[in-house]
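Every read-out reported here was derived from the displayed coordinates using simple, explicitly stated rules and does not represent laboratory data. The structure displayed is predicted, hence computed values, not measured ones. Here the Cβ positions follow ideal geometry from the backbone for every residue, glycine too, while neighbour counts run over all protein chains shown.
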Amino acid sequence: MISYATHLLSDVLCLRVQSYLDGEAYEAGKCATMSMLLSEVIRDRIKALRQRRHKVVCSVVIGENGGQALRHASRCLSNADCDSFASSSYTNNSLFAVATVYAVYHD
């Protein structure tokens with residue numbers, strides 16, 4: 001079984017999230033669309049790494065940065081031998097984002 005290298009997933013997440021959200025300001029309607037679009041961009045880039053026996057699941061949460069504390073958690077049942085995941089966060093004066101990608105092996 002082949003697993004994705006976690007550092008590759010992390011690199012894709014960091015680059016895509018930062019380049020996509022740099023200079024953006026929080027607007028509720030716009031951020032909902034940006035979240036879906038960014039999730040698709042990340043997923044497509046991960047799929048381009050050509051690990052055909054993995055399902056790729058990507059989640060992006062974008063919210064308003066109002067100076068309050070926030071905790072974000074997620075769970076996934078996985079096999080450490082062949083599944084991988086990575087997470088990245090981004091913050092500017094107006095918004096925050098948390099992106100997580102799971103690469104889950106299947107036959």
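The length gained on full extension between Asp22 and Arg75, counted as 0.36 nm times the residue separation minus their Cα-Cα distance, comes to 16.3 nm. Model label points for Cys82 and Thr6, set 7 angstrom from Cα along the Cα-to-Cβ axis, are 2.0 nm apart.
Annotation for Lys47 and Asn92: the two label points, set 7 Å from Cα along the Cα-Cβ direction, are 2.8 nm apart. Whole-percent P(r), the chain, all Cα pairs, 10 Å bins from 0: 15, 46, 28, 10, 1.
Along the chain, the longest continuous region that contains none of the trypsin sites (Lys or Arg not before Pro) in a DSSP loop with at most 15 other C-beta atoms within 10 Å is 1-49.
When +1 charges are put on Lys and Arg Cβ atoms and -1 charges on Asp and Glu Cβ atoms, the dipole computed for the range 6-105 relative to its Cα centre reaches about 440 debye. Paramagnetic label reach from Ala32 (point 7 Å along Cα→Cβ; backbone nitrogen cut-off under 20 Å): within the range 74-96, residues 95-96.
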